Amino acid sequence: MNPLRAYLDAWLCRDVSAARAVLDDGCVVVDSHGVVLRGADAVVDWLSGWIRAGGMVHTVEIAEESESDGVITAQWALEVTWQGVRAQVEGRSVAHVRDGLITYLREYTTSGPLGDWDGTWQP
């Protein structure tokens, strides 16, 4: 299992130690909402707080994954509960890996449901 899959699996299992095990001490993680976490300890604190607040990942489905020259990307769909609301979230993660550890992770998600272009711009 590559470090990105292990990190996503740690969220699914609510296993903070497993997430920490694949992060470089000096990693930078940029959450899809713009939160920048500097260092593995910051990520651990953030994940721990999210779990304590009732956050839960129910499913992780990887649709597409690639790995080349120390960069792993994965397109995924998650089913999560946050603040009592269960929802589907689709996105992509880009992880830079050195010596088997994530040194940089950037996550992107859609801000709403996907839909076909109908020729009009939406606000």
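Set side by side, the residues Ala42, Ala63 differ, and just one is assigned to a strand (DSSP E or B) and of a type in the set (Gly, Ala, Ser), which is Ala63.
Within region 63-120, the set of residues being in contact with a strand residue (DSSP E or B) (Cβ under 7 Å, 6 or more places away or on another chain), polar (S, T, N, Q), surrounded by fewer than 15 Cβ atoms within 10 Å (Cβ to Cβ) and at pLDDT 95 or above comprises just one member, Ser66.
Within region 12-62, being in contact (Cβ under 8 Å) with a residue 24 or more places away in the chain, farther than 23 Å from Gln88 by Cα and surrounded by fewer than 16 Cβ atoms within 10 Å (Cβ to Cβ) holds for one residue alone: Gly26.
The values are calculated or read from the model by the stated rules, or taken from the named source; none is laboratory data. This one's a predicted model, so the numbers in the text were calculated from it and none came from an experiment. Here Cβ is always computed from backbone atoms with ideal geometry, including for glycine, and neighbour counts include all displayed protein chains.
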